[in-house]
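The values are calculated or read from the model by the stated rules, or taken from the named source; none is laboratory data. Being a predicted model, the structure only gives us computed values, none of them experimental. Cβ coordinates were reconstructed from backbone atoms using ideal geometry, including for glycine residues, and neighbour counts include every protein chain displayed.
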Amino acid sequence: MVPGAHDVVSVGLLARVYPAAEVERAIAACGRSEQRSRLLPARLVLYFVLGLALFSPDPLFGSHAKDDLWASPGRLMGAWREPAKSSIFLARRRLGWEPFRELFARSVLAAA
């Protein structure tokens with residue numbers, strides 16, 4: 001982990017790197033779009049899991065990682081409150097791995 005990275009990584013930064021429209025398309029392509037409104041929509045869960053990968057040396061709920069990742073969802077999602085650990089686990093399971101593969105496939109550029 002790069003020193004000081006905790007100061008710059010947030011859901012907002014990830015949303016600039018992976019625009020919400022692209023994330024939504026990847027989620028929809030895998031059939032993981034929500035059928036109802038949730039505290040943890042698939043888009044936010046995808047950003048959160050990407051952030052966890054960046055903070056991989058840190059424990060999930062014991063460091064700056066959680067605080068930094070949850071710092072900006074209000075701007076992305078409107079009114080929002082931090083979910084319980086069990087809600088995060090269930091949301092990650094609902095999302096699955098396929099949207100990440102789809103987002104990667106949509107984002108990567110072929111090496112020339």
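Residues of segment 19-43 that are among the hydrophobic types (A, V, I, L, M, F, W, C) and within 10 Å of LEU95 (Cβ to Cβ): ILE27, CYS30, LEU40, ALA42. The number of residues in segment 21-52 that are surrounded by fewer than 12 Cβ atoms within 10 Å (Cβ to Cβ) and either not in a loop (DSSP other than H, G, I, E, B) or not basic (Lys, Arg) (or both) comes to 4. Inside segment 53-112, can you point out the residues that are part of a loop (DSSP other than H, G, I, E, B), of a type in the set (S, T, N, Q) and modelled with pLDDT of 60 or more? Matches in segment 53-112: SER56 only.
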